[in-house]
Structure formats: C-alpha cells, structure tokens
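So the structure is just underneath, and the comments pick up after that.
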Amino acid sequence: MKKGLFGGTFDPVHFGHVRIVETIRDGFGLDEIFIVPASIPPHKDARQIADGSDRLEMARMAFKGIRGATVSDIELKHAGKSYTIDTITLFLNSAAHGTSLYLIMGLDSFLEIHTWKSYMEIFRLLPIIVYARMTKQGAGQDIFESYLASTVSDRYTFSAARSCYTDPSLQPIYFYRGELIDISSTDIRKRIRTGRPISGHVPEPVEKYIIERGLYL
Ligand code: ATP
C-alpha cells in the first residue's frame, strides 16, 4: 500500500488542498492520503488561527466523498504544538508491513523546511512529494533545486529514469509540476474580512460553515 501524509494549518481548507490530494493520489497511485490539520502551528506567525475543532470540521466537509482521503485529528488530539517529524514517526510506527509513506507539501512549505524540528531526519525517513506553487521567489523547478542543494544536500541529483531527485543516503524527492493553483487560505481570510466572495475558493459546505460561525471576520 502507498500512503501519503498532507499536513497544514487548513485555516481554512480550500479547493487547492483538495486538488493537490486528488492530483497526487492519481499521479503517484496512492491508496490513501491523510490530511492532518496541525494544532498550534509552530511555523505560523502569532495571528489568530481558527479553533482546531473548526478547522477539523471544515477539512472533513471538504474531503467528504474524495476517494482515498482521510482527515486525521492525530495532531489536534495532542495538547501543545505539533511537529511534522513526530507525526511522521507515529504514522511510520503504526503502518502495516509493506506500506510506503510519502510526505506531501507545496513548494512554499518545502522552502521553509530548514525551520522545522529535526528537518534532516525527515529526509532520512521518507520520500517527499513537492507540489509546485507560486512563491515570492517564483514557482520554477530551479528554485526548488537550488534550495535543495544549498540547504538540504548537494548530493541530490535528478534521476530521469525515476523522475525524482535521489541522494546516496537520503530519501527521494519528487517535484510535481502540476497546474499552478492560485488559491491560498491567506487570500480567503482577507476576502472574508473585506466582504469579497469566496465561492470558487472553498467547497460550498465550508463557505456555509464559515458564514454561520462568523469565522475570519
Ligand atoms: P496560508 O495562506 O495560511 O499560509 P495555505 O493556503 O498555504 O495557507 P496551508 O494549510 O498552510 O494552506 O497548506 C497546507 C499545505 O498545502 C502546505 O504544504 C502548502 O504548501 C500546500 N498548499 C496550499 N495551497 C496550495 C496551492 N495553492 N498550491 C500548492 N500547494 C498548496
């Protein structure tokens, strides 16, 4: 079985998240992808973040009926900050024999990975799939490559046969150049604050939930 871990703040979950899960599921033949909303996220600034219970509920709504998608409350269940390395370890330790686990993230997250707890350990433990995204530096594979060489390991080389970057002692990394998705939670929150529509950015039940609960005003 091939499984994926897709963590984030999901504040709120949006169509970009859903599209990434469906695209990666199909592109890599993953059987199941766990969507894991973070508890007090260690890498976000001090801005007000919606309650974990709201973010979880919205994620469940957005991924309802999406084949292979499972929303996990594993990080929200534990008190305190959540760290990806701990979640990976939990999943790896409880995975059935023969399961391969992939970590999924957008390019913006990948370019910050050196700020994560024990980040080099992540590269030792499991393969990573990076989905292209427009960032301040751009969206190109060159940005990904120079970060990889300067910050992670300069021994990664692209293997055309395997369509990924391989390193003699670290796990492979896949750069997925899917269609760029111009949706972000930051923009959605801004839209809500300024009274602009968010339909087309989030699934309808999520939009309804945000309005009913008065979130992000
Ligand atoms: P914010 O704007 O608050 O930073 P976000 O839209 O990036 O939020 P997160 O919950 O932080 O959403 O993202 C979870 C994961 O999904 C991260 O790895 C992020 O890089 C990725 N992601 C989110 N939106 C996109 C997108 N439009 N394209 C590619 N990756 C994305």
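Enumerate the aspartates and glutamates that Lys117 could reach by cross-link, defined here as Cα to Cα under 14 Å, with residues fewer than 8 away along the same chain left out. Partners found: Asp86. Across the accessible surface of segment 2-184, with the other protein chains kept in place and a 1.4 Å probe, carbon and sulfur atoms take up 49 percent. Pull up the DSSP beta bridges for the chain and report the antiparallel fraction as a percent, rounded to 5. Percentage antiparallel, nearest 5: 20.
Taking only protein heavy atoms into account and a 1.4 Å probe, give the accessible area per residue of the chain in Å².
Spelled out: the 1.4 Å probe surface of the chain, per residue, equals 51 Å².
Note on Lys64: lysines with a C-alpha under 16 Å away, same-chain residues under 8 apart excluded, are Lys208. When the chain is treated as a Gaussian network with alpha carbon springs shorter than 10 Å, the biggest mean-square fluctuation among Lys190, Lys64, Lys136 belongs to Lys136. Compactness ratio for segment 2-184: Cα radius of gyration over 2.2 N^0.38 Å (N = residue count) comes to 0.98. A convex hull fitted to the Cα coordinates of segment 1-86 yields 98 cubic angstrom per residue. Size check on segment 73-137: the Cα extents along the three principal axes, sorted descending, read 38, 31, 21 Å. The accessible area of Leu125, taken with all protein chains in place and a 1.4 Å probe, comes to roughly 60 Å². Just tell me which aspartates and glutamates come within less than 17 Å, Cα to Cα, of Lys2; anything on the same chain fewer than 8 places away is out. The qualifying aspartates and glutamates are Glu22, Asp26, Asp31, Glu32.
Measuring with a 1.4 angstrom probe and ignoring ligands and nucleic acids, Ile24 comes out at about 0 Å² accessible. Amide H contacts for Met134 (H built 1.01 Å from N in the peptide plane; partners 5 or more residues away or on another chain; cut-off under 5 Å): Ile181. In this view, the solvent-accessible surface of Ser150, computed with a 1.4 Å probe and all protein chains in place, comes to about 100 Å². Fully extending the segment from Asp154 to Ala95 would add 18.2 nm, taking 0.36 nm per residue of separation and subtracting the current Cα-Cα distance. A straight chain from Trp116 to Lys190 at 0.36 nm per residue would run longer than the Cα-Cα distance by 24.0 nm. Mean-square fluctuations from a GNM of the chain, with a 10 angstrom spring cutoff on Cα atoms, peak among Phe15, Phe158, Phe110 at Phe158.
Computing FRET efficiency as 1/(1 + (r/R0)^6) for Gln48 and Glu145, where r is the C-beta to C-beta distance and R0 is 22 Å, gives about 0.05. Size of segment 117-217 from its Cα atoms: along the principal axes, largest to smallest, the extents are 52, 26, 23 Å. Amide H to amide H, with H built 1.01 Å from N, Gly106 comes under 5 Å of Tyr131, counting only residues 5 or more places away or on other chains.
Taking label positions 7 Å along the Cα-Cβ direction at both Phe28 and Ile40, the computed distance is 3.0 nm, reported to one decimal. Ordering Thr87, Thr186 by accessible surface, largest first, gives Thr186, Thr87; the 1.4 Å probe counts only protein heavy atoms, with every chain in place. In the chain, the DSSP-assigned H stretches of four residues or longer account for a calculated mean residue ellipticity at 222 nm of -10000 deg cm²/dmol, using -39500 (n - 2.57) per stretch and the full residue count as denominator.
The values are calculated or read from the model by the stated rules, or taken from the named source; none is laboratory data. Predicted, not measured: the structure shown is a model, and the values here were computed from it. With ideal geometry, Cβ positions are generated from the backbone for all residues, glycine too; neighbour counts draw on all protein chains shown. Each accessible area value is taken on the protein alone, full model and side chains, heavy atoms only, with ligands, DNA and RNA left out. Shrake-Rupley method; radii C 1.70, N 1.55, O 1.52, S 1.80 Å.
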